[in-house]
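The values are calculated or read from the model by the stated rules, or taken from the named source; none is laboratory data. On a predicted model such as this, the values are computed, not experimentally measured, just so you know. Glycine also receives a Cβ, built like all others from the backbone with ideal geometry; neighbour counts cover every protein chain displayed. Quick note on the areas: whole protein, heavy atoms, side chains included, nothing else; ligands and nucleic acids left out. Shrake-Rupley method; radii C 1.70, N 1.55, O 1.52, S 1.80 Å.
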Amino acid sequence: NDLAWWCSIQFDDSNSNPLSSAKHIYKDKDTEITDLVIPEGVTSIGWYAFYGVEGIKSVTFPSTLTSIGGSAFARTGLESVAIPPAVTTLEEYTFSGCANLKSVTIPEGVTKIGFSAFAKCGIESLTLPSTIRSMSQSFYGNEKLTSLTLTDGITTLSQSFYSCNALKEVHIPGSVKLTSSDFNRCENLETA
């Protein structure tokens with residue numbers, strides 16, 4: 001009944017969160033919550049808070065939110081995500097394994113996208129803000145990603161687009177220092 005309280009819990013892993021086995025959240029015995037609205041006033045969402053809740057299709061974040069814990073929405077049914085402007089770091093595995101996640105909006109101000117934060121999602125097109133300073137295999141295995149735009153300011157990719165097999169087009173500014181593994185296993189890449 002208290003979603004703000006639930007968001008404050010820091011679970012140790014997915015097994016310690018009962019929602020990861022339930023796969024669904026209900027408002028009452030007959031009403032499933034598929035459009036999750038995190039209440040205003042919540043400043044952080046704990047690690048593994050909604051891990052594995054396949055019934056969640058969308059989430060609305062409050063303007064007060066400043067942090068989202070690792071694996072907080074991993075393996076959910078989310079279809080799109082807009083990160084709020086006050087969030088500067090996306091922790092490891094935050095949205096990992098969200099196969100239905102097609103659209104992600106990452107605002108200016110985000111400086112770090114953690115290890116595998118969006119790994120194996122269904123993202124189709126992506127533009128990253130210039131404020132990003134750290135990534136690590138962050139978008140690994142996004143097999144539906146066809147278009148990627150990087151902006152001036154980003155300097156390293158750290159294998160963040162490894163195995164994005166559908167990737168055809170990448171816009172890379174001069175500030176990015178590429179390594180041989182940043183786009184490894186991107187067999188369909190035509191334009192960079």
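Assorted remarks:
- Only one of the numbered conditions (1) modelled with pLDDT under 95; (2) under 27 Å from Val37 (Cβ atoms) is not met by Pro173, and that is (2).
- For segment 183-192, the count of residues that are outside any loop (DSSP other than H, G, I, E, B) and among the charged types (D, E, K, R) is zero.
- Matching residues in segment 16-49 - criterion: being without any contact (Cβ under 8 Å) to a residue 12 or more places away in the chain and closer than 24 Å to Glu79 by Cα: Pro18, Tyr26, Lys27, Asp28, Asp30, Thr31
- Where a residue in segment 98-111 is in contact (Cβ under 8 Å) with a residue 24 or more places away in the chain and closer than 9 Å to Val81 by Cα and its partner, wherever it lies, is open to solvent by 20 Å² or more (accessible area, probe 1.4 Å) and not in a strand (DSSP E or B), with Cβ under 7 Å and at least six apart: Lys102/Glu79; Lys102/Glu124
- Subset of segment 1-42 that is among the small types (Gly, Ala, Ser) and outside any loop (DSSP other than H, G, I, E, B) - its residue that is most open to solvent (accessible area, probe 1.4 Å): Ser21
- Index of the failed condition, Leu65 passing every other in (1) surrounded by fewer than 18 Cβ atoms within 10 Å (Cβ to Cβ); (2) within 30 Å of Ser125 (Cβ to Cβ): (1)
A quick yes/no check of all residues on (1) out of contact with any strand residue (DSSP E or B) (no Cβ under 9 Å at 6 or more places or on another chain); (2) modelled with pLDDT of 90 or more:
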position	(1), (2)
Glu143	yes, yes
Leu150	no, yes
Leu157	no, yes
Ser160	no, yes
Leu178	yes, no
Phe183	no, yes
